[in-house]
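To start, the structure under review is shown below, and the notes come after it.
Derivation of every value follows stated rules applied to the coordinates shown; laboratory data play no part. In this text the structure is predicted, and so the values were computed from the model without any measurement. So basically every Cβ, Gly included, is an ideal-geometry build from the backbone, and we count neighbours across all protein chains shown.
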Amino acid sequence: MRPFLSRARQALLALFVMSTTPLFAVQEPLELNYGETVPQRLELYLPSPARTAPVLVYIHGGAWISGDKSEYRFLAQSFVQDGIAVAVINYRLAGDDTRYPAFVEDAILALRFLHEKASTLGISSDQIFLMGHSAGAHTAAGVAFDPQLGGQLSFVRGYIGVEGIYDLPALVQKWPEYRAWFVRSAFGADEANWKRGSPSEWTLKKSAPWLLLHSPTDELVDQSQTDHFYARLVKSGIPADVRTDFRQTHFGTLTMIADRGSDLHKAIVRFTRNPSALGAR
């Protein structure tokens, strides 16, 4: 079974929401349509009260070809217990008629929906953060920096990239099997499109702060993807911090983030409370 598909499920089966007494009760999520197509749905998890809470929007990974919002309830519930509202989005997956930048378009649509409907939904419109894992971190970078689509959403207060893909040609060079497995499906057969679709090639304009997380022992996406992206953020004058001081598998990192006693979980909570205080431990 392919690792991007199987190991997420193994991590989920092994996990209960862990550590410490919850500050807020976890309720069933609201199931909402943010667009007109079937994949354009999200689950919204609300603490009580929610109106003044930060809102963490999560984009799942899965190599742009797999994954579902329901698989990440464990992650959402862990942050709700710290008083953070969480929206886990589905988006159009790569297929015959769906390729990049559809994933970025859907993420932008979901963010606009949450911002514009904030009053009706009972959430904050000015404390929205975006977090993505693996392919989802690439999509988050697209929301911020894509040459055609990025930089539209000034209300996003911060970005969190977890073990992200930021340089497609370098990824395929390290793992040639990814070419046929998912890169062609998501970005097309023309390798020039892979370069055009890589944050490593984009001009990084003004952005909200970034928090990047990557395990040196990630077996599916190498840490150099994050190291180089972090260096480009810093060179571009964008506030950023990077955490590589932990050892986990690619999906084990999500399990660690969901552990409310872990340093990674606490770092994300701190970031949503005060994104300008980067580097605090």
- Note on the structure: For segment 182-241 the GluC sites (Glu not before Pro) that pass both the DSSP coil test and the at-most-13 other-Cβ-within-10 Å test are 219
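After finding the eigenvalues of the alpha carbon gyration tensor for segment 79-216, what semi-axes result from the square roots of 5 times each, listed largest first in whole Å?
Values: eigenvalues 148, 49, 42 Å².
Ellipsoid semi-axes (Å, largest first): 27, 16, 14.
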- Item | Spread of Cα-to-Cα distances over 5 Å intervals beginning at zero, given as percent, for segment 3-273 | 1, 6, 14, 19, 21, 18, 13, 6, 2, 0, 0
- Distance in Å, no decimals, from the C-alpha centre of segment 223-250 to the one of segment 56-97 is 22 Å
- If you plug each phi of segment 83-95 into the Karplus form 6.51 cos²θ - 1.76 cosθ + 1.60 with θ = phi - 60°, what whole-Hz ³J(HN,Hα) values come out, in order, with x for Gly and Pro? x, 10, 6, 10, 10, 9, 9, 8, 7, 4, 8, 5, x
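With the Cα gyration tensor of segment 183-281 giving a ≥ b ≥ c as the square roots of its eigenvalues, does the rule (a/c under 1.5 for rounded; else a/b larger than b/c for prolate; else oblate) give rounded, prolate or oblate? Mind dumping the intermediate values first?
Numbers: a/c = 2.37, a/b = 1.34, b/c = 1.78.
Here segment 183-281 falls in the oblate category.
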- Item | Equivalent ellipsoid dimensions for segment 55-104 as semi-axes, Å, which come from the Cα gyration tensor, largest first | 25, 10, 6
- Message: Please list, ordered by chain and number, the residues whose modelled amide H lies under 5 Å from the amide H of residue 212; skip anything fewer than 5 residues away on the same chain.
- Response: 161, 241, 242, 243
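Could you give the size of the charge dipole of the chain about its Cα centre, using +1 on the Cβ of each K and R and -1 on the Cβ of each D and E, expressed in debye and rounded to the nearest 20? Each step should come with its number before you reach the end.
Numbers: 28 positive and 28 negative charges, 106 e Å.
Approximately 500 debye in magnitude.
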- Sequence order, segment 145-153: Karplus ³J(HN,Hα) from phi using 6.51 cos²θ - 1.76 cosθ + 1.60, θ = phi - 60°, Hz rounded, Gly and Pro as x, gives 10, 3, x, 8, 10, x, x, 7, 9
- Number of Lys pairs (Cα under 27 Å; 8 or more positions apart or on different chains) in segment 3-273: 12
